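**Q** To start, I am sharing the structure in question, which I have written as structure tokens.
The values are calculated or read from the model by the stated rules, or taken from the named source; none is laboratory data. On a predicted model such as this, the values are computed, not experimentally measured, just so you know. Note: ideal-geometry Cβ built from the backbone for every residue, glycine included; neighbour counts use all protein chains shown.
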Amino acid sequence: EDQVTQSPEALRLQEGESSSLNCSYTVSGLRGLFWYRQDPGKGPEFLFTLYSAGEEKEKERLKATLTKKESFLHITAPKPEDSATYLCAVPFSGGYNKLIFGAGTRLAVHP
Amino acid sequence: EPEVTQTPSHQVTQMGQEVILRCVPISNHLYFYWYRQILGQKVEFLVSFYNNEISEKSEIFDDQFSVERPDGSNFTLKIRSTKLEDSAMYFCASSEWKGSPEGQYFGPGTRLTVT
């Protein structure tokens, strides 16, 4: 069964304290892994797409990496404005359109 | 920057009533989607739409739901005979093509409250 699991559920960091979020997936024939940021009461905001093991993408303080079974979102020297829920999603096996989302990691960065 | 827009931002309806949620996808996008997120739960896929027909739907998307692209810009989700459990955030999304490396762009959502 296609599944996306994210850990931890919640993460509290001090400003400047780097950490990593995990997304593990079970899907046949990965057609991309997507990272989104979601602020309370808002829609998911696209961050990255990764396609193959070993691939890395960076944007400001965020770096996403991909292995054959999981992806990591590394946050370097976070700031309070990085506080949000980070979601990962993969297309359902055999398709491109139906995204299966993980439950997300709620990140809180305190000054 | 182009964005997906949704109206209304909040809709309150009584159980058994019909509601129509509206979306304006990004103008050059060809694939359109509806997702929902019940409070505190995962974002769940409902349906995808391409070339004026449904291309994929989930088990949630039963006969109670329908989608339409009534003109060149709007994309709607109709929920007939709403139930209490339909209360959720409903997100519209669009993408340039299937498997687009830019991913699916999501709107801000419509909060549906069924009383």
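**Q** Please enumerate the residues belonging to the range B:58-74 that are of a type outside the set (A, V, I, L, M), more than 8 Å from every other protein chain (Cβ to nearest Cβ) and either over 12 Å from the mean Cα position of the chain (by Cα) or part of a loop (DSSP other than H, G, I, E, B) (or both).
**A** From the range B:58-74, those of a type outside the set (A, V, I, L, M) are B:58-59, B:61-66, B:68-74; that's our starting set.
Within this subset, residues satisfying the condition of being more than 8 Å from every other protein chain (Cβ to nearest Cβ) are B:59, B:61-66, B:68-74.
Within the range B:58-74, B:E59, B:F61, B:D62, B:D63, B:Q64, B:R69, B:P70, B:D71, B:G72, B:S73, B:N74 qualify.
**Q** Just checking, how many residues over the range A:53-83 are closer than 21 Å to A:K42 by Cα, away from every other protein chain (no Cβ under 14 Å) and either among the basic types (K, R) or part of a strand (DSSP E or B) (or both)?
**A** 3
**Q** Taking the residues in the range B:66-110 that are surrounded by 17 or more Cβ atoms within 10 Å (Cβ to Cβ) and of a type in the set (F, W, Y) as candidates, determine which candidate is farthest from B:E18 (Cα to Cα).
**A** Across the range B:66-110, the extreme among qualifying residues is B:Y105.
**Q** Which of the residues that make up the range B:82-98 are part of a loop (DSSP other than H, G, I, E, B), modelled with pLDDT under 95 and either closer than 19 Å to A:R37 by Cα or away from chain A (no Cβ under 11 Å) (or both)?
**A** Going through the range B:82-98, the residues part of a loop (DSSP other than H, G, I, E, B) turn out to be B:82-83, B:87, B:96-98.
Restricting the remaining residues to those that are modelled with pLDDT under 95 gives B:96-98.
Passing the criteria: only B:E96.
**Q** Within the range A:84-111, take every residue that is assigned to a strand (DSSP E or B) and surrounded by fewer than 18 Cβ atoms within 10 Å (Cβ to Cβ) and give me the one that is farthest from the other protein chains (Cβ to nearest Cβ).
**A** Among them, the one singled out is A:H110.
**Q** From the list B:V24, B:V43, B:V67, B:V12, which residue is under 18 Å from A:A89 (Cβ atoms), touching a residue at least 12 places away in the same chain (Cβ under 8 Å) and among the β-branched types (V, I, T)?
**A** Working: B:V24 fails: under 18 Å from A:A89 (Cβ atoms); B:V67 fails: under 18 Å from A:A89 (Cβ atoms); B:V12 fails: under 18 Å from A:A89 (Cβ atoms).
That would be B:V43, the only listed residue that is under 18 Å from A:A89 (Cβ atoms), touching a residue at least 12 places away in the same chain (Cβ under 8 Å) and among the β-branched types (V, I, T).
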